[in-house]
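Step one of this worksheet: look at the structure below.
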Protein chains: 2
Amino acid sequence: MRAVWLENQVLSFRENVPESGLLKGEALVKVRLAGICGTDLELVKGYYPYCGIPGHEFVGVIEQAPDATARVGQRVVADINVGCGKCSDCLASGHKHCKTRSVLGIKNRQGAFADYLSLPLQNLIPIPETVSDEAAVFTEPLAAALQIQQQIQIGDADSVLVIGAGRLGQLIAQTLASLAGQLTVVARYKSQQVLLSAHDIDWTQAGGIRDRSFAIVIEATGSPAGFALARQAVRPRGTIVLKSTYRDTDVSKWPLQLSSLVVDEITVVGSRCGPMATALDQLEQKRVDPTGLIAKRYFLNDALAAFEHAAAPGALKILFQITP
Amino acid sequence: MRAVWLENQVLSFRENVPESGLLKGEALVKVRLAGICGTDLELVKGYYPYCGIPGHEFVGVIEQAPDATARVGQRVVADINVGCGKCSDCLASGHKHCKTRSVLGIKNRQGAFADYLSLPLQNLIPIPETVSDEAAVFTEPLAAALQIQQQIQIGDADSVLVIGAGRLGQLIAQTLASLAGQLTVVARYKSQQVLLSAHDIDWTQAGGIRDRSFAIVIEATGSPAGFALARQAVRPRGTIVLKSTYRDTDVSKWPLQLSSLVVDEITVVGSRCGPMATALDQLEQKRVDPTGLIAKRYFLNDALAAFEHAAAPGALKILFQITP
């Protein structure tokens, strides 16, 4: 099959990558549409030593399901984490925290930038009929945005700052707009600002943020500067949510003083993948409209151009149109 | 008056330190008993550039109170933070987070290792008659221990690890013993282990901790090794409470990888001073018995020996007997 291949931080398009065989309980999915995420860009930069097909945001159709033939033809998105289901981590914290987990296109499992992928049937979630492919391809990052609400209480009385108005920041902002008492987004680029304004969401530049003034700060840039701004902007007793993967091998670049967290009684919350069913529900109810984030579609054989576009400053969502 | 004096990280005993004058609303307190805390030891090591009389854990008697003469003679402990009461930090987060606050014996306010100290009347809390001086002198650190329960939910279903069984760790362990489903304390020294056993609290050595096995880990050592152990011991989606001030100017010594907090969805909570009234209440109800922590009493003129004793490995609480 055709696929994008990542090896030693070098991306290429390949025509003849063999499909992964199906394990018991797995289904073969024909991929229609897939999105490039910040994590994919970090994989290319070497944040994690991944070798194989990247991609974990997708919409597809079940083409083979030996253990559930009735599901063939179903249009699906997926929970991308596959745990063993038996270890203490799976039992106590859920399969996304299994130490031996595979993660679609990120860890030990070929990803979505290809004609086909395979996943356990239980990971594949049917898409409601009224949700378009273009909206459903955002289910995974939208779930990640909604995970914030699963982890911390956000209400009318809370002033919330989202740092970063890229792919994930935009979705976070849309999910919090009706929830937070006051919402501000730090948006650096014109395209980001325009999109926020279209959703009636207040934005500002980093320089416009008053120190110690937000009860909740969500860091969605994954950069040391973003984290430093979060630390400045949060008020004492406030909460910083870390929503990005960081390539922080050089820890000295990180301005985190543990003592200052104690003195100001700051809470720092790491936040990752979220509830896919809730995300699909929000898309079905049109409470979030992610399609405005789509910047451009590419074909698989244009993978290098697609990744280059996705990595450009201020770029929003780049999609691969894999089957029409 | 007599006082312990700290200047340029050098401690001395002085006979003729002038008393601080009383501002409007303040009272003069004759100190009876005062305790040396880990923070005092950190001040001596230069964690914070404090010059003056250290000491913030004390029991005393109100000797002058121009604005409330009826309170003269009251036996008191104190909330050690004095905020301006007007700024956005005071209003949003409480006076202990005021940027211009003074803190008894820690910041801009002479402390308790002296014959007298002064504090606003509203900071001085009467001690119930049945609580001895020896118990009441632990009110401030006990309140700091109880602050954990104010910040996070701890219940029957939670496995809790306390790292460090020194002065603060012992109090934390006593406050959580009846609350947590399962409580384990990492105790390095024999004296610490004996005291925990006397309260029927399970303890172990650092080597006895299984990775990723505790829902809540409370770090009470203030050392890089303690923090590293906390990070190892907490399970995915778990919570680490930072309960010590850290002298972390050399951030490269700190093994905190922000990405790993995101991937494992760890919450880190900074925790400082706590509710004094609740602490006094627990002492009155004999739900906590701190007096077993007292290692030795010193007179003020033996300050150097007292601090040396307090800094010895495994030392528990050292008190200054200031007036009989």
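Miscellaneous remarks
- Per residue of the protein assembly as shown, the DSSP helices (runs of n ≥ 4 H) give a summed -39500 (n - 2.57) that works out to -7000 deg cm²/dmol at 222 nm.
- For chain B, the relative contact order is 20 percent, taking Cα pairs closer than 8 Å that sit 6 or more residues apart in sequence and dividing their mean separation by the residue count.
- Using a 1.4 angstrom probe on protein heavy atoms only, the contact between B and A buries about 3700 square angstrom of accessible area, both sides summed.
- Distribution of pairwise C-alpha distances over region B:58-174, 10 Å bins, in %: 12, 34, 35, 16, 3, 0
- Cβ charges +1 (Lys, Arg) and -1 (Asp, Glu), total dipole of chain A, debye: 400 debye
- Antiparallel content of DSSP bridges confined to the protein assembly as shown, in %, to 5: 55 percent
- At most 16 other Cβ within 10 Å, DSSP loop - trypsin sites (Lys or Arg not before Pro), region A:71-164: A:LYS86, A:LYS99
- The B:ASP202 and A:ARG14 beta-carbon pair, evaluated with R₀ = 56 Å, returns a calculated FRET efficiency of approximately 0.50.
- The stretch between A:LEU121 and A:LEU23 holds 34.2 nm of extra length on full extension. This uses 0.36 nm per residue minus the Cα-Cα distance.
- Of the GluC sites (Glu not before Pro) found in region B:14-67, the ones in coil according to DSSP and having at most 13 other Cβ atoms within 10 Å of their Cβ are B:GLU15.
- Those chymotrypsin sites (Phe, Trp or Tyr not before Pro) in region A:197-248 that DSSP places in a loop and that have at most 10 other beta carbons within 10 Å: none
- Each principal axis of the Cα atoms in chain A has its own extent, and those three values, largest first, are 56, 44, 39 angstrom.
- Across region A:61-75, coupling constants 3J(HN,Hα) worked out from phi with the 6.51/-1.76/1.60 Karplus curve, θ = phi - 60°, read 10, 5, 10, 9, 8, x, 8, 7, 4, 5, 8, 4, x, 5, 7 Hz, and Gly and Pro carry x.
- Under the Karplus curve 6.51 cos²θ - 1.76 cosθ + 1.60, θ = phi - 60°, whole-Hz ³J(HN,Hα) for region B:18-35, x wherever Gly or Pro sits: x, 5, 6, x, 8, 7, 4, x, 9, 10, 9, 10, 8, 7, 9, 9, 9, x
- With a cut-off of 15 Å on the backbone N, the residues of region B:189-225 near the modelled label site 7 Å out from B:GLN182 along Cα-Cβ are B:202-204, B:208-217.
- Fraction of beta bridges assigned by DSSP in chain B that are antiparallel (%, nearest 5): 55 percent
- The equivalent ellipsoid of region B:147-270 has semi-axes of 22, 17, 13 Å, largest first, where each one is the square root of 5 times an eigenvalue of the Cα gyration tensor.
- Amide H contacts for B:VAL186 (H built 1.01 Å from N in the peptide plane; partners 5 or more residues away or on another chain; cut-off under 5 Å): B:VAL162, B:ILE163, B:GLY164, B:THR204.
- The value of relative contact order for region A:1-121, using C-alpha pairs under 8 Å at least six residues apart, is 32 percent.
- Largest to smallest principal axis extent of the C-alpha atoms in the protein assembly as shown, angstrom: 87, 49, 39
- Net charge, B:MET276 excluded, C-beta distance under 12 Å - Lys, Arg +1, Asp, Glu -1: -3
- The mean number of partner chain beta-carbon atoms within 10 angstrom of a residue's beta-carbon across peptide A:267-275 is 6.
- Gaussian network model of chain B, springs between alpha carbon atoms under 10 Å - residue of B:SER244, B:SER159, B:SER20 with greatest fluctuation: B:SER20
- Other-chain or far-sequence residues with amide H under 5 Å of A:ARG109's (modelled H): A:VAL103
- Pairs of Lys residues in chain A that lie 8 or more places apart, or on two chains, and have C-alpha atoms under 12 angstrom apart add up to 4.
- Only Cα pairs under 8 Å and 6+ residues apart enter the sum, and on that basis the relative contact order of region A:147-270 stands at 22 percent.
- Summing charges over all other residues whose Cβ lies under 14 Å from the Cβ of A:ARG297, with Lys and Arg as +1 and Asp and Glu as -1, gives -1.
The values are calculated or read from the model by the stated rules, or taken from the named source; none is laboratory data. This is a predicted model, so every value here is computed, not measured. Cβ atoms come from the backbone with ideal geometry, glycine included; neighbour counts cover every protein chain shown. In case anyone asks, the SASA skips ligands and DNA or RNA and just uses the protein heavy atoms, side chains included. Shrake-Rupley method; radii C 1.70, N 1.55, O 1.52, S 1.80 Å.
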